[in-house]
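Input: one structure, supplied below.
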2 protein chains.
Amino acid sequence: MNETGRPQDFPLSNPRADRVRDVAKLAGRPARLKRGQFLAEGPQSVREALRLHQQRLAAGAPGVVHEVFASEACLDRFPEFDDLAAGTNARLATDDVLAAMADTVNPQGIIAVCGFVDVSLEEVLDAGPRLIAVLCQVRDPGNAGTVLRAADAAGADAVVLTGSSVDIYNPKAVRSTAGSLFHLPVVLGADIDEVAAACRTRGIGLLAADGYGDLNLDVLQDENAARRMAVSGTGSAYALENPTAWLFGNEAQGLSEVELALADHRVAVPVYGAAESLNLGTAATVCLYASARSQQGRAPASG
Amino acid sequence: MNETGRPQDFPLSNPRADRVRDVAKLAGRPARLKRGQFLAEGPQSVREALRLHQQRLAAGAPGVVHEVFASEACLDRFPEFDDLAAGTNARLATDDVLAAMADTVNPQGIIAVCGFVDVSLEEVLDAGPRLIAVLCQVRDPGNAGTVLRAADAAGADAVVLTGSSVDIYNPKAVRSTAGSLFHLPVVLGADIDEVAAACRTRGIGLLAADGYGDLNLDVLQDENAARRMAVSGTGSAYALENPTAWLFGNEAQGLSEVELALADHRVAVPVYGAAESLNLGTAATVCLYASARSQQGRAPASG
């Protein structure tokens, strides 16, 4: 390793080496749990992992990236990795080795072994969050990752997954987050009763996203807009600008009766056409964006 | 077949029969193009296909469902199929046969062979549409289906796919629409220049969804809300309540420069957090819902 972070030694070239197999095993949950590690694959995920890693080191905290494996071609194509990977345990590897390590067919030339990044519910709540997404029994890794990415885009302060949800460190879930897993705090294995009680104690409203909800998200948005524009007569069943935790349910069954009962209100995303419903990722995006817009009070910079 | 639609004969039981293989071949594009047919799998898709079929027959138009294959258990579980399938070419089949026919591992007991449902661009435009989603070079079947479902939920009048986009009759795309493929007109193989010219002729605004757009979707929504609430001083670069065609680009590259140049405006979904962007399905949902809300002027019934 030279000081720019570009590894100088010969590339790893044996796809059947123990070291390669050890990395590949992180596609499975038992190896992840045993070692407290997971895979970030592809330039976007690895870049965001390394950025978080460098931020943490700069703050005197432990890093998150344990190892990086990259092809020479990838490093030529994305020269920023020379700086980003400086000081990390980085190795060159052949495409065959990267393919053997990766869960994807095409890892795009770079893989990082990362340490778990999840935090405790207390840590999230102590920071005074204004917008939280809570995933209850979400089973599909792509859906969980998509909601996490949308929560990041909406500027949410955290994502909480209940204990019965999919493992967010599943490679497909990590890919679906498109790097957002390294952007905002994630709480895993949460107990929904504890989440609800803790939010209530701290004055965070609990909204259940529910197609059969009695409140209409568009009405809440209109009422918020009217308040922002100081139009009179704008009472509201729920003020979207308040600190809010949104509960999102299982993709097939939605929220259970027990989960619904924990919420302050059940809010429906209106359906203007003939569709029965929106899918989980799109419904969550609409809800989180509605809160974000209402909380910001004005439009942010576009990006 | 009795008059309630429940087939009375013995179930098809040989998964290697020619008839079963013929249905299974519809998972591939060559067979679909040759026969003008595609597969709808699972109760939700088949239900919506049959509803459209019966609506068309009632209107004196040709139906869309050519054959239905279902297990006895599925018909017991969803008794509405007895009425919906009345008068169609329906056959009982064993689970083995259904599994052999299906593209999914688990077809949930019912499969329909449907005729193509796409329509011409002229037919769509002659109906005076107010909201259209145009997919340009979208490659992933799940993304295309998700956008179609979101367009349906937002009450869009049509979805247009350009010639270089994924085949919407791909089984994964059909599944992702969750039945919405049978709810609103879909145009396939469109030429983007022709779409743009035709929209312009008819006074339909063209908005390009683009992370680097100069207009901010939230600003446009706020300006629309202000007009609806009759707040003064609310000029706007683009009035979201106008008839609009949204252009959505390829999931990896976004819209090409050529496609962007065809639009009246480039509009960014704002990113409040650290995410680089939203994924295609969620970005399209936010854009289409913003138009739908602005065009309706008030909130619809929730559903």
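The values are calculated or read from the model by the stated rules, or taken from the named source; none is laboratory data. None of the values given here were measured: they were computed from a predicted structure. We place every Cβ from the backbone using ideal geometry, glycine too, and count neighbours over all the protein chains shown. Side chains included, ligands, DNA and RNA excluded: accessible areas come from the protein's heavy atoms. Shrake-Rupley method; radii C 1.70, N 1.55, O 1.52, S 1.80 Å.
Remind me, relative contact order of region B:121-296 in percent, using alpha carbon pairs under 8 angstrom and six or more residues apart? Don't jump to the answer; show the numbers that get you there.
Numbers: 342 pairs, mean separation 52.0, N = 176.
Contact order relative to length: 30 percent.
Just for region A:1-120, what percent of DSSP beta bridges are antiparallel, to the closest 5?
Numbers: 10 of 14 bridges.
Given both bridge residues lie in region A:1-120, the antiparallel proportion sits at roughly 70 percent.
Step by step: find N for region A:1-146, compute 2.2 N^0.38 Å, then divide the Cα radius of gyration by it. What's the final number?
That works out to 1.12 for region A:1-146.
Still on this model: Residues with beta-carbon under 15 Å from that of B:Val269, excluding B:Val269: net charge, scoring Lys, Arg +1 and Asp, Glu -1?
Values: positive: A:Arg149, A:Arg293, B:Arg266, B:Arg293; negative: A:Asp152, B:Asp210, B:Asp214, B:Asp218, B:Asp222, B:Glu251, B:Glu276.
Here the count lands on -3.
Separate question: Within chain B, what is the longest stretch that has no trypsin sites (Lys or Arg not before Pro) placed in a DSSP loop and near at most 11 other beta-carbon atoms within 10 Å?
B:17-297
Also, I was wondering about something else. Expressed as an acute angle from 0 to 90° and rounded to the nearest 10, what is the orientation of the C-alpha long axis of helix B:43-58 relative to the principal long axis of chain B?
Relative to chain B, helix B:43-58 is tipped by roughly 90 degrees.
Over chain A, calculate the relative contact order: mean separation of alpha carbon pairs under 8 Å at least 6 apart, over the residue count, as a percent.
In percent, rounded to a whole number, it is 18.
Also: Grab the other residues whose beta carbon is less than 11 angstrom from that of A:Ala208, score K and R as +1, D and E as -1, and report the net. Could the numbers behind the result be given before it?
Values: positive: A:Arg266; negative: A:Asp210, A:Asp214, A:Glu257, A:Glu259, A:Asp264.
Here the count lands on -4.
Separate question: Considering amide H positions built from the backbone, and no H for Pro or chain starts, which residues 5 or more places from B:Val187, or on another chain, come under 5 Å of its amide H?
Those lying under 5 Å, H to H, from B:Val187 are B:Val119, B:Val159, B:Val160, B:Leu161.
Using only the alpha carbon atoms of chain B, find the Kirkwood hydrodynamic radius as the inverse mean reciprocal pair distance, in angstroms to one decimal. Kindly include the intermediate steps, with their values, before the conclusion.
Values: mean 1/r = 0.0486 Å⁻¹.
That comes to 20.6 Å for chain B.
Under 11 Å from the Cβ of A:Glu80, count the other residues' Cβ atoms, weight Lys and Arg +1, Asp and Glu -1, and hand me the total. Provide the component values of the computation, followed by the final result.
Values: positive: A:Arg47, A:Arg51, A:Arg77; negative: A:Asp82, A:Asp83.
That works out to +1.
Still on this structure, please answer the following. At q = 0.14 Å⁻¹, what log₁₀ I(q)/I(0) does a Debye calculation on the Cα points of region A:118-212 give, no solvent, two decimals?
-0.45
Using alpha carbons only, how many degrees (0 to 90, rounded to 10) separate the axis of helix B:141-153 from the longest principal axis of chain B?
With both axes taken from Cα atoms, the answer is about 70 degrees.
Next up: State the residue of chain A whose Cβ is nearest the axis carrying A onto B, and the distance in whole angstrom.
Nearest-to-axis residue on chain A, with distance in whole Å, is A:Ala225, 2.
Per the helix-only calculation at 222 nm, which mean residue ellipticity applies to chain A, given -39500 (n - 2.57) for every DSSP H run of n ≥ 4 and division by its residues, nearest 500 deg cm²/dmol?
-11000 deg cm²/dmol
Now for a separate question. Accessible area, 1.4 Å probe, largest first: how do A:Ser277, A:Ser180 sort?
So, going from the largest accessible area down, we get A:Ser277, A:Ser180.
When the accessible area of each residue in region A:143-175 is compared between its chain alone and the complete protein assembly (1.4 Å probe; ligands, DNA and RNA ignored), which residues differ by at least 40 Å², being lower in the assembly?
Residues passing the criterion (a loss of at least 40 Å², heavy atoms only) are A:Arg149, A:Ala153.
When the accessible area of chain A is split by element with a 1.4 Å probe, what percent falls to carbon and sulfur? Present the calculation step by step, with values, prior to reporting the outcome.
Working: 5920 of 12150 Å².
With neighbouring chains kept in place, the figure for chain A is 49 percent.
Under the definition of partner shielding as Cβ atoms of other protein chains within 10 Å of a residue Cβ, what is the mean value for peptide A:263-272? Walk me through the intermediate numbers first.
Values: counts 0, 0, 0, 1, 1, 3, 5, 12, 9, 16.
Counting other chains' Cβ atoms within 10 Å and averaging over A:263-272 gives 5.
Same structure again: Would you work out the Kirkwood radius for region A:121-296? I mean one over the mean of 1/r across all pairs of different Cα atoms, in Å.
Final number for the Kirkwood radius of region A:121-296 is 16.0 Å.
Could I ask something else about it? Provide, as a two-decimal number, the C-alpha radius of gyration of the protein assembly as shown over 2.2 N^0.38 Å, N being how many residues it has.
Cα-based Rg divided by the globular estimate yields 1.01.
Between the helical axis of B:217-228 and the dominant principal axis of chain B, each derived from Cα atoms, what acute angle in degrees is found, rounded to the nearest 10?
The two axes meet at around 80 degrees.
Under 29 Å Cα to Cα from A:Lys34, which lysines show up? Leave out anything in the same chain fewer than 8 places away.
A:Lys25, A:Lys172
Label position 7 Å from Cα toward Cβ: report the copy-to-copy distances for B:Gln253 in nm, one decimal, ordered from shortest.
Distances between equivalent label points, in nm: 4.5.
Let me ask something else. Run the label-point distances for A:Gly36 please: 7 Å along Cα to Cβ, every other copy, nanometres, shortest first.
List, nearest first: 6.4 nm.
Rounded to whole Å, give me the distance from the Cα center of region B:110-147 to that of region B:152-188.
4
Sticking with this structure for a sec: What total accessible surface area, summed over both chains, is buried at the interface between chains B and A, computed with a 1.4 Å probe and given in Å² to the nearest 100?
Approximately 4100 Å² gets buried when B meets A.
Using only Cα atoms, locate the centre of region A:7-30 and the centre of region B:43-101, then give the distance between them in Å, rounded to an integer.
50
Give me the accessible area per residue for region B:187-254, probe 1.4 Å, as a whole number in Å².
42
Under the convention of a label 7 Å out along Cα→Cβ, give the distances in nm from A:Ala86 to the same position in every other copy, shortest first.
Between copies, matching label points for A:Ala86 lie 7.7 nm apart.
Per residue, what accessible area does region A:82-183 have, given a 1.4 Å probe and all protein chains present, in Å²?
31
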